[in-house]
Amino acid sequence: MPTVLITGGTSGIGAAFAAAYAARGADLVLVARDENRLVEQAAGLRNRYNVDVEILPADLAKLPDVERVAARVEDAAKPIDVVVNNAGFGLHNDMLSADFSADAQALDVMCLAVRVISAAAGRAMQARGTGHIVNISSLASWIAQGNYSAVKAWVRSYTEGLAVHLSDTEIKVTAVCPGWVRTEFHQRAGIRTSKIPGFVWVSADKMVAKALRDIDKGKIISIPAKRWKVAAFLARHAPQSAVRMVSKMLVRSRA
């Protein structure tokens, strides 16, 4: 059976990926900061799907912890077939604030950790000749919602670059770019969502099911909902002044 490592695997999109892969019979390595939640999540997945679930407590804002995860990915004795870099959080801070601690943490968790773990996965998978690296970006990567958009644009661009770098191998690389997913993500970030219309939202389970179809096909960019595909098309092809105007409206709606 394949083994899948998922960062941020105890809640939201990460938990949905864990359940979806476990339902396929895959063994799991779950990475998250909260060891108690990891233990609880692992027990539930073992009981429900009869798969092996290894837990790896790690704070991906800390480089030594990131390096431990990377070392696990490169452990040839216990190979990882799929890596899902999902760990992250929302940013809802003033771009002019003198306090940039949240931005620094975001860069560590959603950029540096993705780079270190993806590179480790690429090296290990090259040695075996196969594997899949999945990085969670966002629909926000095509608009201008402050620092979060910048971070997720980096994830998407890096993932496309990695796909090009590995294009002559059997290793597949996918950037998943979801839009509005119903999870605790927005609440944790203190982001108001009451003005966002209900039709744009998708459950984490449905989003992951659609993303997995793209991942199975080896697509480099996955936008796992038709409504989000339309939004991404408009963001890429509409005049940038219009994109900035919509971005401004979105930022104001959640303020």
Original post:
Is it fair to say Val243 is surrounded by 13 or more Cβ atoms within 10 Å (Cβ to Cβ), at pLDDT below 65 and at negative phi?
Top reply: yes
Original post:
In the set Asp81, Asp75, Asp52, which member is of a type in the set (Asp, Glu) and touching a Pro at 6+ places or on another chain (Cβ under 7 Å)?
Top reply: Asp81
Original post:
Out of (1) free of Cβ contacts under 8 Å to residues at least 24 places away in the same chain; (2) on the phi > 0 side of the Ramachandran plot; (3) not basic (Lys, Arg), what's the single condition that is false for Ala43?
Top reply: (2)
Original post:
Considering Ala42, Ala22, which residue is within 18 Å of the chain's Cα centre (by Cα), buried (at least 21 other Cβ atoms within 10 Å of the Cβ) and assigned to a helix (DSSP H, G or I)?
Top reply: Ala22
Original post:
Looking at this structure, is Arg68 at pLDDT 95 or above, part of a helix (DSSP H, G or I) and under 15 Å from the mean Cα position of the chain (by Cα)?
Top reply: no
Subject >> Scan of the range 168-179 for residues that are more than 11 Å from the chain's Cα centre (by Cα) and within 17 Å of Ser222 (Cβ to Cβ), ordered by number >> reply: Ile171, Lys172, Val173, Gly179
Original post:
Can you name the residue in the range 201-224 that is small (Gly, Ala, Ser) and in a strand (DSSP E or B) and is also surrounded by the fewest Cβ atoms within 10 Å (Cβ to Cβ) among such residues?
Top reply: Ser203
Original post:
Here are Ile80, Ile6, Ile13: which of them is in a loop (DSSP other than H, G, I, E, B), in contact (Cβ under 8 Å) with a residue 40 or more places away in the chain and crowded, with 18+ Cβ neighbours inside 10 Å?
Top reply: Ile80
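The values are calculated or read from the model by the stated rules, or taken from the named source; none is laboratory data. Just so it is clear, the structure is predicted and the values come from calculations on it, not from any experiment. Using ideal geometry, Cβ is built from the backbone for each residue, glycine included, and neighbour counts are taken over all protein chains shown.
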